[in-house]
Amino acid sequence: MSICSSLKNIATKAVIGGIIIGSFLFGEKANAEDAKPQKEPTPIMKTNPSEQFKKPERKTILNLAKSPLDDFSANSKIWYSINQGFGKISDELAGELNLDDHILGRIGQVAVFGYLNYATEYYSHELAHNYETRKKSLFSGVGIDFSDWSMGVPKYNSPAYIVRLYDLFDIFTTEKEEKEYLRTITNGLNQDELDAALVHRESVLKKNLSFDEAISYLIPKNLDLFYIILSTKGGLNYRANYKPINKLQSNFEPSIENQGLWNDIDMYLHHLHRKGLYRQKADDPYNYLAFGWKEGMTFKGIELSKKELFIQALIADALSVKTYDSTRALYKYIAKGERNTKPFTFKLGRTEITPPQITHLLTKEGSFYDTNAFFNIAGKILLETNLGTDVDFIGHGKARHLRTGGKLHMTEKGINIRPFLYINSSRGRIFKYKGISSGLELALGMPDSLEIIVGAGFNENDLIENDVKGKENGIDFTVGVNIIY
C-alpha cells in the first residue's frame, strides 16, 4: 500500500471517530447524569432511631448480546451483579440483626465477603481461559467438582485443550495462532484486572464505595501479586530455564508440565522468552533445525523475569486510586461501622477529578498499562479518559504501544449518550497509526431504576479490544440492561 493510500485510510478512520464525538459535543446543553449519584442511599431504621446507616445503591448489569462463557465484558458484568446481590443480602441482614454494631460482627462480614469474592473471582478467572477454545469448538463444558476443595472452593474442571492451540502455533508460527494460544494463558489474569476496573468505574459513577465493593476491587486487583508469590515454581526469585523447553506436555523430554511450570505466570514468561525462537522459525520455515531448541542455538526473546513482572503489577496496584479508596473503606467499616465511603476526588476550578486507576494487562509482547481517569466538568459533562502505554521501560518488553482516547457521558432529550474513541499508535516515534476503536453507546430508561443499553462500535487492530480480548476486526454490537435497586 502506498504512503498516500495509508494516510488516506488513517485519516478516514480518524474522521469517522471524530464525527461520532463531535456530533454530540456541540449539541444541546450536555448534562451527565452519571456524574451524580443515581439514588441516595436509603436509611435503614434500627431499634434505636438515633442509630442509622444508609443502604448503598445496588446494581445488576447484564450483557444480553454475549455469554459470560465467551466475552470479557459479559463475564465481568455477571460477576459484578452476583457480588452486588451478596451485598444487598448483607445490607438487609445488618439492618435486622444489628451486625454493624459490634466489631466481631463487622469482622465476620468482612471475612465472609472476602471468601465469597475469592470464590466468584476464581470462577470468573477460570471461565476466561476457555474463550479461545470455545471459538474453535474445543470446549467440553463447565464442570464443578464438589469432591475437590484444593482451591478452597469446589474446583472448576473444564479441559482447555491448550496443547492443541500451542501445536497449531508451533506448526504455522503465525501471529494469529500465537495470539490465540497466548490468550488461553493470559485471559484469566486479564479478566481479574477487568473485573476490578468495572468496580472502579461503577463506584465513580455513583460516587460511593461500600465496604463489600472495596473487597470486590482489592481481591481481583491484587491476585496477580499473590499468584506470582504463591502459585509459581520456586517463588519470586526463581528463574526457570525456559529456553530448552519445546513441549507443553511430554513424558520423554523436558516440558512445561514435567518441570513444574504449568501455571499462568510461568507459561506466560516461557512464551516471552521463546519469542526469539519463534521469530527464527518464521524467518526460515524450511530449516528443520529451527523447529525446536537445539544446544548452542542462539536467539533472543523477551527476557522478562518473574520479579520484573511482580514489580510491574505492584506499581499498577500501588498507583491506582481505588486501592486507597478501598483500603480506607474497609478501615472505616471495621473501625467505625460506616458502610459507605465517597471515592477520593479533587477539584481544579469547577472540574472535579477522579485520579487514575491503572489496569495491568498482559499482551504477546509484554505488559501494558491502561490508565483511566474521570473529569466531572461543572457537574454538566463527565469525561472518562484513557491513556494506555506499554511497560517496556520497567524490565523487559517489546510492545512499543500507545492507546489514547476516552468516553463522553451526557444526556440529550432524556437519553444518556456515550460516544467513545480510542486511537492506537506506536511509542518511540512521532506518530505511527496502529489501530482504532470507536463507537456510540445509548442508555434508555430511568437511571435510578432501569436502563436498556444499546451500542455499536468499530474495532480494527485495537490493542485491548482485538489483541487482549480477542475480538475480530469490524463492527461490535452491544445490548444490555442495568437494574438499580
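The values are calculated or read from the model by the stated rules, or taken from the named source; none is laboratory data. What you see is a predicted model; the values in this text were computed from it and never measured. Note: ideal-geometry Cβ built from the backbone for every residue, glycine included; neighbour counts use all protein chains shown. With ligands, DNA and RNA removed, areas are computed over all heavy atoms of the protein, side chains included. Shrake-Rupley method; radii C 1.70, N 1.55, O 1.52, S 1.80 Å.
Kindly indicate whether Leu116 is surrounded by 14 or more Cβ atoms within 10 Å (Cβ to Cβ), without any contact (Cβ under 8 Å) to a residue 40 or more places away in the chain, assigned to a helix (DSSP H, G or I) and touching a Phe, Trp or Tyr at 6+ places or on another chain (Cβ under 9 Å). Walk me through how you get there before you give the answer.
Values: surrounded by 14 or more Cβ atoms within 10 Å (Cβ to Cβ): yes; without any contact (Cβ under 8 Å) to a residue 40 or more places away in the chain: yes; assigned to a helix (DSSP H, G or I): yes; touching a Phe, Trp or Tyr at 6+ places or on another chain (Cβ under 9 Å): yes.
Yes, satisfied.
Could you give me the residue pairs with C-beta distances under 6 Å whose first residue belongs to region 62-78 and is outside any loop (DSSP other than H, G, I, E, B), whose second residue is crowded, with 17+ Cβ neighbours inside 10 Å and of a type in the set (Asp, Glu) wherever it lies, and which are 6+ apart or on separate chains?
These pairs meet every condition: Ser76/Asp195.
For region 153-209, give me the residue count where each residue is among the acidic types (Asp, Glu) and under 16 Å from Arg134 (Cβ atoms).
Taking region 153-209 as the starting set, the residues that turn out to be among the acidic types (Asp, Glu) are 167, 170, 175, 177-178, 180, 192-193, 195, 202.
Subsequent filtering for residues that are under 16 Å from Arg134 (Cβ atoms) retains 180.
Count: 1.
Looking at region 399-413, which of the residues that are modelled with pLDDT under 95 and not small (Gly, Ala, Ser) is nearest to Glu180 (Cα to Cα)? Quick ask: steps written out before the conclusion?
Narrowing region 399-413 to residues modelled with pLDDT under 95: 399-400, 409-413.
Narrowing the set further to residues that are not small (Gly, Ala, Ser) leaves 400, 409-413.
Numbers: Arg400: 21, His409: 34, Met410: 37, Thr411: 39, Glu412: 41, Lys413: 43 Å.
The residue in question is Arg400.
Just to be sure I understand the filter: pairs with C-beta atoms under 6 Å, separated by 6 or more residues or on different chains, first member in region 87-113 and modelled with pLDDT under 95, second member among the β-branched types (Val, Ile, Thr). Which pairs pass?
Pairs that qualify, where the first residue is modelled with pLDDT under 95 and the partner is among the β-branched types (Val, Ile, Thr), are Gly95/Ile44.
Testing Asp392 on (1) closer than 30 Å to Glu303 by Cα; (2) among the charged types (D, E, K, R); (3) touching a residue at least 40 places away in the same chain (Cβ under 8 Å), one condition comes back false. Which one is that?
For Asp392, the failing item is (3).
Of these, Gly235, Gly188, which one is under 24 Å from the mean Cα position of the chain (by Cα) and of a type outside the set (S, T, N, Q)? First the steps, then the outcome.
Values: Gly235 fails: under 24 Å from the mean Cα position of the chain (by Cα).
That would be Gly188, the only listed residue that is under 24 Å from the mean Cα position of the chain (by Cα) and of a type outside the set (S, T, N, Q).
Against the definition (at pLDDT below 80, among the small types (Gly, Ala, Ser) and open to solvent by 30 Å² or more (accessible area, probe 1.4 Å)), how does Gly260 come out, yes or no? Let's see the steps before the verdict.
Working: at pLDDT below 80: no; among the small types (Gly, Ala, Ser): yes; open to solvent by 30 Å² or more (accessible area, probe 1.4 Å): yes.
The answer is no for Gly260.
Write out, first by first residue and then by second, each pair whose Cβ atoms fall under 6 Å of each other, whose residues are 6+ apart or on separate chains, and whose first residue, in region 411-432, is closer than 17 Å to Asn372 by Cβ while the second is of a type in the set (S, T, N, Q) and open to solvent by 10 Å² or more (accessible area, probe 1.4 Å).
Pairs found: Ile423/Thr404.
Does Phe139 meet the test of being among the hydrophobic types (A, V, I, L, M, F, W, C) and over 27 Å from Tyr115 (Cβ atoms)?
Numbers: among the hydrophobic types (A, V, I, L, M, F, W, C): yes; over 27 Å from Tyr115 (Cβ atoms): yes.
Yes, satisfied.
Got a number for residues in region 321-341 being acidic (Asp, Glu), open to solvent by less than 50 Å² (accessible area, probe 1.4 Å) and not in a helix (DSSP H, G or I)?
Keep residues of region 321-341 that are acidic (Asp, Glu), which gives 325, 338.
So of that shortlist, the ones also open to solvent by less than 50 Å² (accessible area, probe 1.4 Å) come out as 325.
Those still in the list that are not in a helix (DSSP H, G or I) too: none.
Matching residues across region 321-341 total 0.
I'd like the full set of residues that are under 20 Å from Ala197 (Cβ atoms), in contact with an Asp or Glu (Cβ under 6 Å, 6 or more places away or on another chain) and surrounded by fewer than 20 Cβ atoms within 10 Å (Cβ to Cβ), limited to region 387-406.
Gly406
I'd like the residue in region 119-170 that is under 19 Å from Val468 (Cα atoms) and open to solvent by 40 Å² or more (accessible area, probe 1.4 Å) and, out of all such residues, is nearest to the chain's Cα centre (by Cα).
The extreme case among them is Glu126.
For region 430-450, name all the residues that are under 17 Å from Phe477 (Cα atoms) and over 20 Å from the mean Cα position of the chain (by Cα).
So the first thing to find is which residues in region 430-450 are under 17 Å from Phe477 (Cα atoms), and the list is 436-444.
Across region 430-450, the qualifying residues are Leu440, Leu442, Ala443, Leu444.
Quick check, is Leu361 within 18 Å of His200 (Cα to Cα), touching an Asp or Glu at 6+ places or on another chain (Cβ under 9 Å) and at pLDDT 95 or above? It would help to see each step written out before you state the result.
Working: within 18 Å of His200 (Cα to Cα): yes; touching an Asp or Glu at 6+ places or on another chain (Cβ under 9 Å): yes; at pLDDT 95 or above: yes.
The answer is yes for Leu361.
I'd like to verify a number: residues in region 388-403 that are touching a Lys or Arg at 6+ places or on another chain (Cβ under 8 Å) and assigned to a strand (DSSP E or B), how many?
Residues that pass the stated criteria total 5.
Being touching a Gly at 6+ places or on another chain (Cβ under 8 Å), in a strand (DSSP E or B) and crowded, with 18+ Cβ neighbours inside 10 Å is the filter here; which residues of region 441-477 pass it?
Within region 441-477, Glu441, Glu451, Ile453, Gly455, Gly457, Phe458, Asn459, Asp476 meet the criteria.
Whether any residue in region 222-237 is closer than 24 Å to His409 by Cβ and surrounded by 23 or more Cβ atoms within 10 Å (Cβ to Cβ) is what I want to check.
no
Restricting to region 302-320, what's the tally of residues that are open to solvent by less than 50 Å² (accessible area, probe 1.4 Å), part of a helix (DSSP H, G or I), of a type in the set (A, V, I, L, M) and in contact (Cβ under 8 Å) with a residue 40 or more places away in the chain? Reasoning before the result, please.
Taking region 302-320 as the starting set, the residues that turn out to be open to solvent by less than 50 Å² (accessible area, probe 1.4 Å) are 302, 304-306, 308-310, 312-313, 316-318, 320.
Those left that are additionally part of a helix (DSSP H, G or I): 306, 308-310, 312-313, 316-318.
Filter once more, keeping what is of a type in the set (A, V, I, L, M): 309, 313, 316, 318.
Right, trim to in contact (Cβ under 8 Å) with a residue 40 or more places away in the chain and you get 309, 313, 316.
Of the residues in region 302-320, 3 are open to solvent by less than 50 Å² (accessible area, probe 1.4 Å), part of a helix (DSSP H, G or I), of a type in the set (A, V, I, L, M) and in contact (Cβ under 8 Å) with a residue 40 or more places away in the chain.
Output the residue which, of all residues in region 374-386 that are out of contact with any Leu (no Cβ under 8 Å at 6 or more places or on another chain) and either at pLDDT 95 or above or assigned to a strand (DSSP E or B) (or both), is surrounded by the fewest Cβ atoms within 10 Å (Cβ to Cβ).
The initial filter retains those residues of region 374-386 that are out of contact with any Leu (no Cβ under 8 Å at 6 or more places or on another chain), namely 378-380, 385-386.
Pick out the ones that are also either at pLDDT 95 or above or assigned to a strand (DSSP E or B) (or both) and you get 385-386.
Working: Thr385: 15, Asn386: 18.
Within region 374-386, the match that is surrounded by the fewest Cβ atoms within 10 Å (Cβ to Cβ) is Thr385.
Is it the case that some residue within region 127-140 is outside any helix (DSSP H, G or I), within 27 Å of Ser255 (Cα to Cα) and hydroxyl-bearing (Ser, Thr, Tyr)?
Going residue by residue through region 127-140, those that are outside any helix (DSSP H, G or I) are 129-130, 136-140.
Checking which are within 27 Å of Ser255 (Cα to Cα) leaves us with 129-130, 136-140.
Pick out the ones that are also hydroxyl-bearing (Ser, Thr, Tyr) and you get 137, 140.
The answer is yes; a qualifying residue exists.
With the requirement that a residue be among the aliphatic types (A, V, I, L, M) and open to solvent by 40 Å² or more (accessible area, probe 1.4 Å), what does region 429-440 give you? Please lay out each step first, then the result.
Looking only at region 429-440, we keep the residues that are among the aliphatic types (A, V, I, L, M), and these are 430, 436, 440.
Once the filter is applied, which keeps residues that are among the aliphatic types (A, V, I, L, M) and open to solvent by 40 Å² or more (accessible area, probe 1.4 Å), region 429-440 yields Ile430, Leu440.
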